[in-house]
Amino acid sequence: MLSIKPFEKPIYVMRPLLPEIGSFIDKMRQVWDSGWLTNRGPQHQQLEESLKRVLKIPHVSLFNNGTIAMIVACQSLRLSGEVITTPFTFPATPHVLSWNGIKPTFCDIDPITMNIDPARIESLITPQTTAILAVHVFGTPCDVIKIQEMADRYGLKVVYDAAHAFGVEINGRGIGEFGDASMFSFHATKLFHTAEGGAVAVKNDQLKTRIDLLQNFGIKNEEEVIMPGINGKMNELQAAMGLAVLDYIEEERGKRQKLFKAYCRFLEGVNGISICDNNGKNKEDGIKKSYQYFVIRIDENKFGKSRDEVYEMFKKFNVFTRKYFYPLCSDYACYSQLPSSRESNLPVAHKVVKEVLCLPFYGGLGIDDVERICMILKSFQSSIKVNAVVSS
Ligand code: T4K
């Protein structure tokens, strides 16, 4: 059996991108000098402008986190009744529907992209359905064309949870251009972050105005409050962090691209391990990737160990992988009684959720670390082979 030493320090699934502290302190000085800490100050305005350019989208509204951003996006489009969504996502996705008094209807996912399967949407549409809330899971673009066709046919709105898709482009178009609104998360664990934060991206001018009103208590001016808004504002400290991080994004993406390639090289030909390439369904599309996660799928029959076994075995080597997004949202106690949550409605999601594992992936990781992680993974397989020989 192979002998590989555990890592001396814990290796987490990700570490936040921390800019050079001096550049952050410079931004903090600007905040101090301005005496402006929140309520859309200069850092906020500058970040909003920069992100419009980076995300290639006409309008961006910044928020204190991605979840509030998505709650407001749904409010702004006046969604109600039922909304069709995916069960293979972070809890925030269906929860924003609940917070809007909307019933989530879970739709099965595509076996390759792990995103909502457009072919399964139609049968779930009822007279109460008002929208599709799709997730570009792990940064892999949804089948945006087919989803839009379905939405147009039935007069539905389309909201994208693009929490993982910062900077993703399809044939040169920013991912936020698709659908009626897209939410980006700027949580510390995301490629681009503001420690906590998020944004809604839209194309429509009036919608932008409505989102900004909803984000700030519905205040139009000092004497008029015209709708029941919330406090979703990003503060100046968050925005300053975002501006500092933004300067390092392309460098970070470059490092992750190299790590991605290294993982692919070291895992090539390992029986039972497949790699999520983030390319989406339409292979002819030119996809600019987010490099948010490095995701593998483990076929227990071929690899000889289940995903759960691998996850536990990695811990003994001080490697903390994540089983995103297990369990399925449709299995949470608050949603499991819904008719659409039945396993028979979600066979692909139930299979996928047992196979997926996110491996450590962030710019601070070395190629040698990746090699060691892959060697550890391969050793799990070889150990079973050796045991099998011994016991036969
Ligand atoms: N939609 C989708 C599809 C999402 O994935 C998310 C968030 C949302 C919506 C909502 O967006 P936000 O409202 O969060 O903006 C993390 C993040 O907290 C969450 O933002 C993210 N998705 C989700 C996929 O991952 P946890 O519970 O896994 O986080 P945690 O604390 O276990 O962190 C993961 C690892 O990262 C740790 O093992 C170590 C490392 N870490 C974490 C933090 C916070 C650090 O090294 N430093 C840190 O500061 O949810």
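The values are calculated or read from the model by the stated rules, or taken from the named source; none is laboratory data. For clarity, every value in this text was computed on a predicted model and none was experimentally measured. We place every Cβ from the backbone using ideal geometry, glycine too, and count neighbours over all the protein chains shown. Ligands, DNA and RNA are excluded from the accessible area calculation, which covers all protein heavy atoms including side chains. Shrake-Rupley method; radii C 1.70, N 1.55, O 1.52, S 1.80 Å.
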When every residue in the range 244-273 that is small (Gly, Ala, Ser) and crowded, with 16+ Cβ neighbours inside 10 Å is compared, the one nearest to residue 302 (Cα to Cα) is 272
If we keep only residues of the range 132-166 that are more than 16 Å from the ligand (Cβ to nearest atom) and within 26 Å of residue 253 (Cα to Cα), then the residue surrounded by the fewest Cβ atoms within 10 Å (Cβ to Cβ) is 143
Taking the range 155-202 and the residues there that are among the aliphatic types (A, V, I, L, M) and touching a Phe, Trp or Tyr at 6+ places or on another chain (Cβ under 6 Å), the one that is nearest to residue 81 (Cα to Cα) would be 162
The residue that is least open to solvent (accessible area, probe 1.4 Å), considering only those in the range 1-15 that are away from the ligand (no atom under 15 Å from the Cβ) and not charged (D, E, K, R), is 4
Subset of the range 123-144, residues closer than 21 Å to residue 338 by Cβ and touching a Lys or Arg at 6+ places or on another chain (Cβ under 8 Å), comes to 128, 130, 131, 132
Checking 37, 18 in turn, the sole residue that is under 26 Å from the mean Cα position of the chain (by Cα), open to solvent by 100 Å² or more (accessible area, probe 1.4 Å) and either touching a residue at least 60 places away in the same chain (Cβ under 8 Å) or within 16 Å of the ligand (Cβ to nearest atom) (or both) turns out to be 18
Checked the range 103-131 for anything surrounded by fewer than 22 Cβ atoms within 10 Å (Cβ to Cβ) and among the hydrophobic types (A, V, I, L, M, F, W, C); matches are 112, 119, 124, 125
Restricted to the range 45-101 and to residues being closer than 24 Å to residue 239 by Cβ and touching a Ser or Thr at 6+ places or on another chain (Cβ under 7 Å), the residue surrounded by the fewest Cβ atoms within 10 Å (Cβ to Cβ) is 92
Checked the range 45-83 for anything in contact with a strand residue (DSSP E or B) (Cβ under 6 Å, 6 or more places away or on another chain), away from the ligand (no atom under 16 Å from the Cβ) and part of a helix (DSSP H, G or I); matches are 48, 52
Taking the range 288-323 and the residues there that are part of a helix (DSSP H, G or I) and of a type in the set (D, E, K, R), the one that is farthest from the chain's Cα centre (by Cα) would be 302
Filtering the range 179-189 down to residues that are within 16 Å of the ligand (Cβ to nearest atom) and surrounded by fewer than 23 Cβ atoms within 10 Å (Cβ to Cβ) yields 187, 188, 189
Residue set 309, 284; condition open to solvent by 70 Å² or more (accessible area, probe 1.4 Å), away from the ligand (no atom under 15 Å from the Cβ) and either in contact with a Cys (Cβ under 7 Å, 6 or more places away or on another chain) or at pLDDT below 95 (or both); output residue 284
If you go through 234, 241, the only one that is under 21 Å from the mean Cα position of the chain (by Cα), surrounded by 19 or more Cβ atoms within 10 Å (Cβ to Cβ), within 16 Å of the ligand (Cβ to nearest atom) and in a helix (DSSP H, G or I) is 241
Conditions (1) within 16 Å of the ligand (Cβ to nearest atom); (2) closer than 16 Å to residue 115 by Cα -> residue 201 fails only (2)
Residue 336 vs (1) touching a residue at least 24 places away in the same chain (Cβ under 8 Å); (2) assigned to a loop (DSSP other than H, G, I, E, B): all pass except (1)
Taking first residues from the range 118-133 that are without any contact (Cβ under 8 Å) to a residue 24 or more places away in the chain and second residues anywhere that are crowded, with 22+ Cβ neighbours inside 10 Å, the pairs with Cβ under 8 Å that are 6 or more apart or on different chains are 120/107; 120/108
Condition set near the ligand (Cβ under 10 Å from one of its atoms) and not hydrophobic (A, V, I, L, M, F, W, C), scope the range 312-322, selection most open to solvent (accessible area, probe 1.4 Å): answer is 322
